Amino acid sequence: MKHITKQAEPQAFRDWKAEANADWKPTYDDLRGTEKQAVKRALMTEQGFLCCYCERRLTDEDSHIEHFRPQNDPLCDPLDYDNLLCSCQNKIPKGDPRHCGNLKNGWFDEALLVSPLSADCDERFRFTGDGLIYPSMADDSGAEATIRKLGLDIPKLYDLRKNAIAPFVDETLGEAEFKNFVAGYLARNADGSFGVFWTTIHHLFGAHATP
């Protein structure tokens, strides 16, 4: 889980909410069209086009806006941009396992759910060379619950993480070439995206990256 630094909400979203009047109050169900697309695009951009939970690549077709705190939480404004994230999986193909926001499905436990908005979130998990994920600390019940409740330990994600790791264990890479490869992968690309499963690669190989 990569730390997400929230940016300012998009102007189109702010302007839409500012249209509230005595006869109309904006609700999340009202959010659609240009304004909703602006919100989704802003979320994807600030996340480097990675799912807020598993770090798969986000696309318009395979993603949805996610409320970290559920909309029915009395402490939550469903239109609070700081509570909005972008998760993978939109229309799930038959037989494909649910994970991330779809599996979370409104679950929220402030004491257990690790937030990608917390600066130390990536330090709460560790990864192995074959794509497995575990809590960094054996007694971290929050990290353990987060892995289970978001399905971060399902075989599908194990395999995808393992595939992302594979190029980094190429023994033909020289030391300098390897360091540059890691550093390049961990940097934002020209289009603003990060490499998939960024935290996995950072955990396993980040110490080798060049400054």
To the nearest 0.05, what FRET efficiency results for residue 14 and residue 118 with a Förster distance of 35 Å applied to their C-beta separation? 0.85
Expressed in nanometres to one decimal, the distance between label points 7 Å along Cα→Cβ at residue 179 and residue 24 is 5.9 nm
Compute the length gained on full extension between residue 76 and residue 158: take 0.36 nm times their separation in residues and subtract their Cα-Cα distance, giving the result in nm to one decimal. 26.2 nm
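Can you tell me the length gained on complete extension of the stretch residue 59 to residue 208, counting 0.36 nm per residue apart and subtracting the Cα distance? Numbers along the way, then the final one.
Details: separation 149, 0.36 × 149 = 53.64 nm, distance 3.00 nm.
In short, 50.6 nm is gained.
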Summed over the other residues with a beta carbon less than 12 angstrom from that of residue 24, with K and R at +1 and D and E at -1, the charge totals -1
Just to be sure I understand, if you calculate Cα extents along the principal axes in Å for this structure, which of (i) 67, 38, 35; (ii) 63, 40, 34; (iii) 52, 38, 38 do you get? (i)
Nitroxide proxy distance, nm - points 7 Å out along Cα→Cβ at residue 37 and residue 138: 5.3 nm
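In debye, nearest 20, what is the charge dipole magnitude of the range 97-204 about its Cα centre with +1 on Lys and Arg Cβ and -1 on Asp and Glu Cβ, if you could check? Kindly include the intermediate steps, with their values, before the conclusion.
Numbers: 11 positive and 16 negative charges, 85 e Å.
So the magnitude is around 420 debye.
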Rank the residues 96, 62 as a footprinting-exposure proxy: fewest other Cβ atoms within 10 Å of their Cβ go first. 96, 62
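Which of the GluC sites (Glu not before Pro) across the range 18-54 are loop residues per DSSP, with 16 or fewer other Cβ within 10 Å?
Working: sites: 19, 35, 46; in loops: 19.
Answer by residue number: 19.
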Of 168, 151, 138, whose Cα points farthest to the positive end of the dipole of the range 11-208 (charges on the beta-carbon: +1 Lys, Arg; -1 Asp, Glu; origin at the Cα centre)? 151
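None of the figures in this text is laboratory data; all of them are computed from the coordinates on show. Keep in mind the model is a prediction, meaning the values are calculated, not measured. Using ideal geometry, Cβ is built from the backbone for each residue, glycine included, and neighbour counts are taken over all protein chains shown.
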